[in-house]
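Asker: Submitted below is the structure of interest, expressed as structure tokens.
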Amino acid sequence: MGRYILPTVTNTYNVYDKGNKLIGLSDEITLPDFSAVTEEMSGSGLLGKIQEAVMGHFDSQEMEIPFLNLDNDIFSFADPLEVIDLNMRASQQTLNKEKGTAGYRGIRIAVRGKLKSFKPGVLKQGGKMGSSITMELHYILIQIDGETKLELDKLNAVYRVNGKDIMEEMKKYC
């Protein structure tokens, strides 16, 4: 993809649990925020206070996986002793700004974590239940067209952005 490629919409996506396509998901999953853990700095030589990010450390990250209705898939995540390991694969529609032609590129988001909450939802005649699980993330990987853009593995001290190991220098001293 070049600088002339404009991502326009997510055309379609699927969610996989250990290679099996999940069914019964609702249409929208919100990805987690990346909010750095910070420490307040003040003292001589500084004109006031600043918040310094602790490199590679992020606040707790959670992600809700919504389901239209209760089904077998949701109960496979309700066991708090098991790791939730999901892959989301999307086809992102693109527009070539130079030629005006449409195209596609792949997006993959992999997450791992543990159950944080389980909502069975509501019973409503003629309606959806709105069931969901919320997971505490330990790992997230974001790839575009097979190229890793971001990888955060909180349990193994891995933080990469655009292929660059942000923690490389820190690991020399530990």
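The values are calculated or read from the model by the stated rules, or taken from the named source; none is laboratory data. The structure presented is a predicted model; accordingly, all values stated were derived computationally and were not measured. When we count neighbours, we look across all protein chains shown, and the Cβ atoms used for this are built from the backbone with ideal geometry, even at glycine. What goes into the accessible areas is simple: the full protein's heavy atoms, side chains included, and nothing from ligands, DNA or RNA. Shrake-Rupley method; radii C 1.70, N 1.55, O 1.52, S 1.80 Å.
Asker: Considering only residues of the stretch 49-76 that are free of Cβ contacts under 8 Å to residues at least 60 places away in the same chain and open to solvent by less than 40 Å² (accessible area, probe 1.4 Å), which is nearest to E136 (Cα to Cα)?
Answerer: Only one residue tops the list, namely I74.
Asker: Considering only residues of the stretch 19-33 that are open to solvent by 80 Å² or more (accessible area, probe 1.4 Å) and under 15 Å from N72 (Cβ atoms), which is modelled with the lowest pLDDT?
Answerer: Just the residues of the stretch 19-33 that are open to solvent by 80 Å² or more (accessible area, probe 1.4 Å), to begin with: 20-21, 23, 27-28, 30, 33.
Those left that are additionally under 15 Å from N72 (Cβ atoms): 20-21, 23.
Details: N20: 88, K21: 90, I23: 82.
Within the stretch 19-33, the match that is modelled with the lowest pLDDT is I23.
Asker: Right, another one. Among the residues of the stretch 80-133, write down those that are out of contact with any strand residue (DSSP E or B) (no Cβ under 7 Å at 6 or more places or on another chain), charged (D, E, K, R) and under 22 Å from K18 (Cβ atoms).
Answerer: Passing the criteria: only E82.
Asker: Could you list, in sequence order, all residues of the stretch 1-18 that are farther than 18 Å from L70 by Cα, in contact (Cβ under 8 Å) with a residue 60 or more places away in the chain, of a type outside the set (S, T, N, Q) and open to solvent by less than 70 Å² (accessible area, probe 1.4 Å)?
Answerer: Listed by number, the residues that qualify are I5, P7, Y13.
Asker: Does G43 fit the bill of being more than 26 Å from I133 (Cβ to Cβ) and either surrounded by 11 or more Cβ atoms within 10 Å (Cβ to Cβ) or in contact with a helix residue (DSSP H, G or I) (Cβ under 6 Å, 6 or more places away or on another chain) (or both)?
Answerer: Numbers: more than 26 Å from I133 (Cβ to Cβ): yes; either surrounded by 11 or more Cβ atoms within 10 Å (Cβ to Cβ) or in contact with a helix residue (DSSP H, G or I) (Cβ under 6 Å, 6 or more places away or on another chain) (or both): no.
Criteria not met by G43.
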